[in-house]
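The values are calculated or read from the model by the stated rules, or taken from the named source; none is laboratory data. Remember, it's a predicted structure, so these values are computed and weren't measured experimentally. Note: ideal-geometry Cβ built from the backbone for every residue, glycine included; neighbour counts use all protein chains shown.
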């Protein structure tokens, strides 16, 4: 049940690590324009096609940069 949210979160974390301060400012300015912040958050935290496509890249990045998190 939580697998989709974990994948979306991993992709979001990857994008966050790759973004700059300018990207963060742009995201905030876009968030101010949204009438329904709840719908924006749902889109960000639900696994959608762009996140699904980026998931293998984000997973590889996470395993390379945080190997202790993936030890069994």
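Considering only residues in the stretch 27-38 that are surrounded by 10 or more Cβ atoms within 10 Å (Cβ to Cβ) and over 26 Å from residue 59 (Cβ atoms), the one that is modelled with the highest pLDDT turns out to be 34.
Condition check ((1) free of Cβ contacts under 8 Å to residues at least 24 places away in the same chain; (2) closer than 27 Å to residue 70 by Cβ; (3) over 11 Å from the mean Cα position of the chain (by Cα)) across all residues:
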{"position": "2", "(1), (2), (3)": "yes, yes, yes"}
{"position": "7", "(1), (2), (3)": "no, yes, no"}
{"position": "10", "(1), (2), (3)": "no, yes, no"}
{"position": "16", "(1), (2), (3)": "yes, yes, no"}
{"position": "22", "(1), (2), (3)": "yes, no, yes"}
{"position": "36", "(1), (2), (3)": "yes, no, yes"}
{"position": "39", "(1), (2), (3)": "yes, no, yes"}
{"position": "51", "(1), (2), (3)": "no, yes, no"}
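Does residue 43 satisfy being part of a helix (DSSP H, G or I) and closer than 20 Å to residue 66 by Cα? Criteria not met by residue 43. Checked across the stretch 59-68, the condition of being surrounded by fewer than 13 Cβ atoms within 10 Å (Cβ to Cβ), closer than 12 Å to residue 12 by Cα and in contact (Cβ under 8 Å) with a residue 12 or more places away in the chain holds for no residue.
Taking the stretch 53-72 as the range and being over 11 Å from the mean Cα position of the chain (by Cα), closer than 20 Å to residue 2 by Cβ and in a helix (DSSP H, G or I) as the test, the residues that pass are 56, 59, 62, 63, 69, 70.
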